[in-house]
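Working notes for the structure below.
What follows draws every value from the coordinates through simple rules; no lab data is involved. If you're wondering where the values come from, they're calculated on a predicted model, not measured in any experiment. Don't worry about glycine lacking a Cβ; one is built from the backbone with ideal geometry, like all the others, and counts go over all protein chains shown.
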Amino acid sequence: MSRLSLCNLQVQQLLPINLEIPAGHCITLSGPSGCGKTRLLRAIADLDPHQGEVWLNGIAQREIPAPQWRRRVGYLPAESAWWRERVGDHFLNPDSKLFEMLGFTLEWLEREVSRLSTGERQRLALLRLLGNEPEVLLLDEPTANLDQANARRVEQLISDYRQMRQVAVIWVTHSDQQHKNNSTHHYCFKDDKLELHAWS
């Protein structure tokens with residue numbers, strides 16, 4: 001069970017953020033382009049400079065070596081990076097059941113990354129991230145380039161992982177349906193401030 005806490009976290013122009021995401025909860029974020037959603041996720045992942053503190057189960061980010069923190073607090077960017085030619089070169093212990101949930105077989109490990117579509121890369125990047133067994137998921141529009149069927153597969157996999165492992169999830173999305181279907185709370189950025197969104 002993993003609890004994520006933000007204490008006076010400040011990233012660039014954003015006002016300080018105080019927020020706690022209990023184990024097993026998912027909060028979704030929305031806001032206009034450039035408002036700071038991605039920068040916030042990157043700060044929590046210890047990828048960008050920031051002020052304030054992030055805590056995982058009562059342990060401060062600064063007390064955990066960055067590589068270890070980034071395995072425990074998994075960040076999925078909107079556009080994933082691939083540094084080797086074969087898909088399989090990016091996986092240590094691929095789980096066939098997880099692959100099947102997103103419409104793949106382990107034969108995909110033999111494919112060249114350069115021949116994958118944007119949506120295939122996006123889904124495989126999620127599988128690669130889950131292979132690290134992160135305790136927190138930071139998801140930057142994980143279904144933005146997917147058709148409806150594959151988007152539902154991704155939503156189900158994230159939901160299953162969250163509930164089974166009781167991880168905290170922060171999910172950036174512009175989909176009202178995803179906010180309603182997947183989040184325990186929905187926050188939006190307004191005038192450089194993060195505010196709880198009240199459902200209409």
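In the set (1) surrounded by 15 or more Cβ atoms within 10 Å (Cβ to Cβ); (2) at positive phi, residue 168 fails one condition alone, (2).
Residue by residue, here is whether (1) closer than 18 Å to residue 165 by Cβ; (2) of a type in the set (A, V, I, L, M, F, W, C); (3) buried (at least 19 other Cβ atoms within 10 Å of the Cβ); (4) touching a strand residue (DSSP E or B) at 6+ places or on another chain (Cβ under 7 Å) holds:
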position	(1), (2), (3), (4)
35	no, yes, yes, yes
49	no, no, no, no
53	no, no, no, yes
71	yes, no, no, no
85	no, no, no, yes
110	no, no, no, yes
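Residues of region 161-195 that are in a loop (DSSP other than H, G, I, E, B) and more than 20 Å from residue 20 (Cβ to Cβ): 173, 174, 175, 191, 192.
For region 22-70, the set of residues classified as at positive phi and of a type in the set (S, T, N, Q) consists of 57 only.
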